[in-house]
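Peer 1: Sharing a structure with you now.
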Amino acid sequence: MDHRLRHGKEEITYCLLLTMLFLLLLSLLAFSFTSFSAFSYELPASMLTLNRDTGFSPASAPHETGPLRTRILEQYNHWKGTRYRWGGATHNGVDCSALMQHLFRDAAHLSLPRTTGEQIHRGVQVEELSLKAGDLVFFQTGEHVRHVGVYIGDHQFIHASSSQGVTVSDLSDDYWHAHFITARRVTDNA
């Protein structure tokens, strides 16, 4: 009699253990789906809608000219080669968002906010294939790191590179094209 009672208790314990394990797994799955949904909504809208199938076609891009482009290039000549320094805003060292502040203040008499996180909300969004000289171009270069430059035409943009300082790079370069997230038109002249 004692043997049957003990065997019955073991079955009940085993069933309770399986039920608890099932509920734990169900809870973990529900939490995973909830977390994934919350994470996916944190992505910028431009990352969710950007059409990567439409790459750059050098033959289809007109050569950009104009007064804003000319003024930006004049300012670039004053900054060219300045080393990159995170948080820097002088010719002794400058970061990407401070460079944009200087270029736009001096070339377009436009005041931009200090950080890339603030600059990305200025102006109106522009599709990658509709870029004009003077448009800001933004990149996601790390999990929580954004980078900004100014488009000057012919698939090129000016920026403060952490490895090369203030320089001109090509948007069709694999690295920049893969990390491009959005562009913003912040001037009427572009």
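Peer 1: Find, to one decimal place in angstroms, the Kirkwood hydrodynamic radius of segment 62-187, where the mean of 1/r is taken over every pair of different Cα atoms and then inverted.
Peer 2: One decimal place: 14.1 Å for the Kirkwood radius.
Peer 1: Taking 7 Å along the Cα-to-C-beta vector as the label spot, tell me the Q164-T141 distance in nanometres, rounded to one decimal.
Peer 2: 1.2
Peer 1: Still on this model: Along Cα→Cβ, 7 Å out, is where each label goes; now give me the distance between the ones at W86 and R122 in nm to one decimal.
Peer 2: Here the answer is 2.2 nm between the modelled labels.
Peer 1: Also, I was wondering about something else. What ranking, highest mean first, results for peptides 170-183, 93-106 when packing means the other Cβ atoms within 10 Å averaged over each residue?
Peer 2: On the way: 170-183: 16.2, 93-106: 21.4.
Listed from highest to lowest mean packing, they are 93-106, 170-183.
Peer 1: Given H placed on each backbone N at 1.01 Å, which residues far from Q156 in sequence or on other chains put an amide H within less than 5 Å of it?
Peer 2: Amide H neighbours of Q156, under 5 Å, 5+ apart: L171.
Peer 1: Around P113, with a cut-off of 15 angstrom between Cβ atoms, what is the net charge of the other residues, counting Lys and Arg +1 and Asp and Glu -1?
Peer 2: Working: positive: R105, R114, R122, R146, R184; negative: D95, E118.
Computed value for this residue: +3.
Peer 1: Here's another thing I want to ask about it. State the Cα centre-to-centre distance between segment 88-107 and segment 122-190 in whole Å.
Peer 2: For segment 88-107 versus segment 122-190, the Cα centre distance is 15 Å.
Peer 1: From the phi of every residue in segment 127-142, what ³J(HN,Hα) in whole Hz does the Karplus formula 6.51 cos²θ - 1.76 cosθ + 1.60 yield, where θ is phi - 60° and glycine or proline is x?
Peer 2: 5, 4, 7, 10, 4, 10, 3, x, 6, 7, 10, 10, 9, 9, 9, x
Every number here is computed from the coordinates shown, using simple stated rules; none is lab data. Just so you know, these numbers come straight off a predicted model, no measurement behind them. No Cβ is skipped: glycine too gets one built from the backbone with ideal geometry, and neighbour counts run over all protein chains shown.
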